[in-house]
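This report concerns only the one structure given below.
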């Protein structure tokens, strides 16, 4: 697919405002046209992808890990995109937002610019986003980041991001420069040992887990739509204030 066409579909996917989330079910081919944005990225993936479906209502998502809120976040060590291992507990004293995602997940792609915005707004206040990719490999992740950052560099995208953050007129240069790790222990839907499914009871993506300074889970959320941005900010600011 020509790059211009790839970027065109990617922009459509990012600007879609419908609330969505992904679970086990239908194949990639049954998803909406916006999924074509990452067809080239898909070729870079180093592992088979789980089967997925999309729903237009986040409330339909049932989070089996809801009972983990208030409990110590399970620690993990996973390979980072910079070649170094990343251990969750090494961020103790900071507020951490775990973003469990995959390039084949439309709602995850909608969330990526917002993760960059949150990281930009709070990274100097003791906050960090950690992206946890589900077993696609670093080639796919880096290719995907390039597509997102190319879109975010466009003047129209910058205006949209600045307005959403309440900073109109600010010429923001957003990057997906927060740590990204690969959950290599997530081979398929039947996996019960990996970080995502085993430790964090994940069944739908995107899955967001906010970990407080004390290492305890402060908030969890599945699915994504852009109107959730104020909720993310409120939860992060509440955790930072403690």
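The values are calculated or read from the model by the stated rules, or taken from the named source; none is laboratory data. Keep in mind it's a predicted model, so treat the numbers as computed, not measured. Cβ atoms come from the backbone with ideal geometry, glycine included; neighbour counts cover every protein chain shown.
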What about residue 116, is it in a helix (DSSP H, G or I), under 23 Å from residue 212 (Cα atoms) and within 9 Å of the chain's Cα centre (by Cα)?
no
Kindly state which helices (runs of 4 or more DSSP H) lie completely within segment 131-242 and contain at least 1 residues that are over 29 Å from residue 71 (Cβ atoms) and without any contact (Cβ under 8 Å) to a residue 40 or more places away in the chain.
138-152, 155-164
Does segment 220-234 hold any residues that are more than 18 Å from residue 109 (Cα to Cα) and buried (at least 19 other Cβ atoms within 10 Å of the Cβ), and which are they?
220
Would you say residue 68 is modelled with pLDDT of 90 or more and in contact with a strand residue (DSSP E or B) (Cβ under 7 Å, 6 or more places away or on another chain)?
yes
Does segment 96-114 include one or more residues that are surrounded by fewer than 21 Cβ atoms within 10 Å (Cβ to Cβ) and out of contact with any helix residue (DSSP H, G or I) (no Cβ under 7 Å at 6 or more places or on another chain)?
no
Just wondering, is there one or more residues in segment 194-204 that are at pLDDT below 85, surrounded by fewer than 18 Cβ atoms within 10 Å (Cβ to Cβ) and out of contact with any strand residue (DSSP E or B) (no Cβ under 7 Å at 6 or more places or on another chain)?
yes
